[in-house]
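Data block below; observations after.
The values are calculated or read from the model by the stated rules, or taken from the named source; none is laboratory data. Worth saying up front: this structure is predicted, and the values here are computed from it rather than measured. Keep in mind that these areas ignore ligands, DNA and RNA; they rest on the heavy atoms of the full protein, side chains included. Shrake-Rupley method; radii C 1.70, N 1.55, O 1.52, S 1.80 Å.
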Amino acid sequence: MAKKCNLSGLLLLLMSSLTMYHHHQRASSLLNRIPILSPPHPRDPIEYMVGGDTGWTDMNGGNNMSAWASAAGTFVAGDTLVFEFRDGEENVAQVPSREAYESCDIESALFTVVRSPANIVIDYPGSLFFISSIQGGRRCRSGLRLAITAISRAQLTVNTPPSPTQTVAPAPAPAPAPSPAAPGS
């Protein structure tokens, strides 16, 4: 009787294991079909050449810095604005407000850089305003000014579109074994 009990126990254990294996395979198959979302990765800081190939200049009747800024994309705290110009012929000044920007108020400048290139790191999110203060602001009035809005790194992560989802497909089932050839075939 002891052998029968052990055999029954062994059969019960084997059946239980097979049932657990079956449920595990179903769960594993279901888990393989769950999309895996990639966590958003903030981008590395970018250096922007202000004005593109022509740089920070009013040559040819002015440079449309607003169009350049729109085409440049999203500015993020930590990015760098690189203003390239001819020393002695141009400069770049940061002013504190939209009002000072629109009126080309050179007296309100927070700082002025007179040597090129002027590498200005965007230290914080918000609006930033830059003007040319050469010739008493005449070049600013002819269009040599730049207004940008920068976002924080946290906003970049929140506003970044999610990466495409990846679905992990289950491994293909093994091919059935070929049947033995019938004798005489």
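Okay, residues lined up against (1) modelled with pLDDT of 85 or more; (2) open to solvent by 40 Å² or more (accessible area, probe 1.4 Å):
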position: Tyr124; (1), (2): yes, yes
position: Phe129; (1), (2): yes, no
position: Arg138; (1), (2): yes, yes
position: Ala150; (1), (2): yes, no
position: Val158; (1), (2): no, yes
position: Gln166; (1), (2): no, yes
position: Pro172; (1), (2): no, yes
position: Ala175; (1), (2): no, yes
position: Pro178; (1), (2): no, yes
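Restricting segment 59-116 to residues that are in a helix (DSSP H, G or I) and among the aromatic types (Phe, Trp, Tyr), the residue that is least open to solvent (accessible area, probe 1.4 Å) is Tyr101.
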